[in-house]
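Beneath this line is the structure, given in structure tokens, with notes to follow.
The values are calculated or read from the model by the stated rules, or taken from the named source; none is laboratory data. On a predicted model such as this, the values are computed, not experimentally measured, just so you know. Here the Cβ is made from the backbone with ideal geometry for all residues, glycine too, and neighbour counts use every protein chain on show.
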Amino acid sequence: MNAQEHYIQWLNNEYFDEAFRAELASIKNQPLEIEDRFYKDLEFGTAGMRGIIGAGRNRINEYIIRKATQGFVNFLLERKQKSLGNKVDQSVVIAYDSRRKSYEFALETAKVMAANGIMAYLFDEVRTTPELSFAVRELNCMGGVMVTASHNPPEYNGYKVYDETGCQLVPHLADALVDHVEKITDFSMVKTMGRKEAVQAKLLKIINEEVDLPYIEMVKKVSIRPELLKSSNLKVVYTPLHGTGGHTISRVLKEMSFSNLIPVEEQMAPDGEFPTCKQPNPESVEAFEQALKTAEKFDADLIIATDPDCDRIGIMIKDGNRFKALNGNQVGSLFVEYVLSSKTGLTKSHYIVNTIVSSDLAKAQAEFYGVATKKTLTGFKFIGEQIELDQFHFVMGYEESYGYLFDPHVRDKDAVMGTLMAIEMAEYYKKQGISLSQLLDNIYRRHGYFVDETISKSFEGKEGGSLMKEIMNKFRTQSEDIFQYEEKIDYLLDETGLPKSDVLKFYFDNHSWMVLRPSGTEPKLKVYFSICDDEYDKAKQKLEYFKTLMIEKVLA
């Protein structure tokens, strides 16, 4: 069927409630809107399912949530029968963030789980993504669901799924899940039950402190020098950007006896409309607008922002009398320096892990301290997968998109840990008379000046997706005609040693490279640059040259 035929079928389907069908009826004279809502099913990408909230098969709504959950149920039950057995309980834990309809979607998920005989643990209020990852392992569940669209605009929501390790599904598992979801060809195949009925059947349990307490204790143990926080006079401004991190981070730091956390009061309460920030994304300097005002008012030393589900952390540091924002690789390099220079007993078997689009600076630092570096595909699930292979020797992991992890009990990026570590790190070097800006410059002088930047272009709708494929194919087959490079790595080929992925990497020399990659969570083509030189100005010039070239060839 084409989009119009799907639309008519949904419009006339009495399975949907009146409000849902009324929304569909309201677009009957909008052919472009109908095409966009119905030309395809909302897909699982590198971080689950994410889309605009609304009625339609290419939208996220309670019916799409139910269908996805029934597919996830069938996947989990098959996996438990074939490979997991009694290692895990027949249960799933569900958390949600502060976005529109997050609670409603989480509850729908729980009701489908319960109707299929699976115990559903549902948090009583909003929780962070890293706590959900932790909860899967803590409660011995066979999977988990996090309802969030991370840092997307307010009109989006999403559905991230986790396996029994607390890790998002890697490709072979995600493919198996998609197969199960696609077998749900009619909504009548979805089982669900009422909340009251599920509670009475002891198939739905509301949870809170039984997971909060062990999670917070685990986070506190990440601290390398906990005594520093008790006597610290460091002034830290913090904002959760109306997301889930405010309560948890404030609690952790209070229990660590850190008394100088300065909250951005306007942004502490969870609010899915994000009324005081243009975009709730700590990768963007615009997200720090309110925090900067607070920092100037209190003459703060450090600014920290976490995204709505509190898995990403952005940092602004003092550079003289002004604040400057650090990119994800710079924050990662500071963390690597602090952790590796502080921990004792590290051997060549110990490792840090980051992704193929993360700077090679961390690798140079790891070599300096005699520690290995492991590279994965983009997506923290691959870092989690690596940790599962060797949990004992894991030191830390990060990806350039502002995600960091310091303890293997969580298998996703964790901005609660990141906030604690950032404050402790800043205090440690401040006591030595070294600012984080000076520390970063010291790292560059030792290993070379690495400049990193990511640019992207949105390709909306059906035509946009086709155009992205054309661009990737052009660079895959005709790159020699576009620019010069020393080596091309195509991650769709087998010889990379990593799972196949639609990613191209071009090395210009040993440490300078560019990557093209369609986003797995948004309709965007991303171009990553990491350029190294002995001098900062030369590295910056190289970056501008290649960035200008790609803007002309791809993003014009």
- request: Looking only at the stretch 346-362, decide whether some residue is closer than 25 Å to residue 282 by Cβ, of a type outside the set (Asp, Glu) and over 19 Å from the mean Cα position of the chain (by Cα).
  value: yes
task: Please enumerate the residues belonging to the stretch 198-228 that are more than 30 Å from residue 336 (Cα to Cα) and free of Cβ contacts under 8 Å to residues at least 40 places away in the same chain.
output: 199, 200, 209, 210
message: What's the total number of residues in the stretch 454-470 that are at pLDDT 85 or above and in contact with a helix residue (DSSP H, G or I) (Cβ under 6 Å, 6 or more places away or on another chain)?
response: 2
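Which residue is farthest from the chain's Cα centre (by Cα), if the candidates are limited to the stretch 211-233 and must be charged (D, E, K, R) and outside any helix (DSSP H, G or I)?
Quick first cut of the stretch 211-233, residues charged (D, E, K, R) only: 212, 217, 220-221, 225, 227, 230.
Okay, now just the ones that are also outside any helix (DSSP H, G or I), so 221, 225.
Working: 221: 23, 225: 27 Å.
Per the criteria, the residue is 225.
The rows are residues; the columns are (1) on the phi > 0 side of the Ramachandran plot; (2) assigned by TED's automatic domain parsing to the domain that holds residue 417; (3) among the β-branched types (Val, Ile, Thr); (4) in contact with a Lys or Arg (Cβ under 9 Å, 6 or more places away or on another chain).
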position: 267; (1), (2), (3), (4): no, yes, no, no
position: 272; (1), (2), (3), (4): no, yes, no, yes
position: 277; (1), (2), (3), (4): no, yes, no, no
position: 283; (1), (2), (3), (4): no, yes, no, yes
position: 290; (1), (2), (3), (4): no, yes, no, no
position: 293; (1), (2), (3), (4): no, yes, no, no
position: 301; (1), (2), (3), (4): no, yes, no, yes
position: 320; (1), (2), (3), (4): yes, yes, no, no
query: If you check 132, 139, 122, which single one turns out to be closer than 19 Å to residue 242 by Cα, assigned by TED's automatic domain parsing to the domain that holds residue 157 and in contact (Cβ under 8 Å) with a residue 12 or more places away in the chain?
result: 132
Odd one out for residue 16, checked against (1) under 23 Å from residue 179 (Cα atoms); (2) over 29 Å from the mean Cα position of the chain (by Cα): (1)
message: For the stretch 31-41, check the following and say yes or no: at least one residue is touching a residue at least 60 places away in the same chain (Cβ under 8 Å) and farther than 24 Å from residue 11 by Cβ.
response: no
query: Restricting the stretch 11-20 to residues that are out of contact with any helix residue (DSSP H, G or I) (no Cβ under 6 Å at 6 or more places or on another chain) and in a helix (DSSP H, G or I), which is surrounded by the most Cβ atoms within 10 Å (Cβ to Cβ)?
result: 20
- prompt: Scanning for something of a type outside the set (D, E, K, R), under 22 Å from residue 550 (Cβ atoms) and touching a residue at least 24 places away in the same chain (Cβ under 8 Å), does the stretch 370-379 turn up at least one residue?
  reply: yes
field: Qualifying position, being β-branched (Val, Ile, Thr), assigned to a loop (DSSP other than H, G, I, E, B), outside the structural domain of residue 188 (by TED's automatic domain parsing) and modelled with pLDDT of 95 or more, among 27, 34
entry: 27
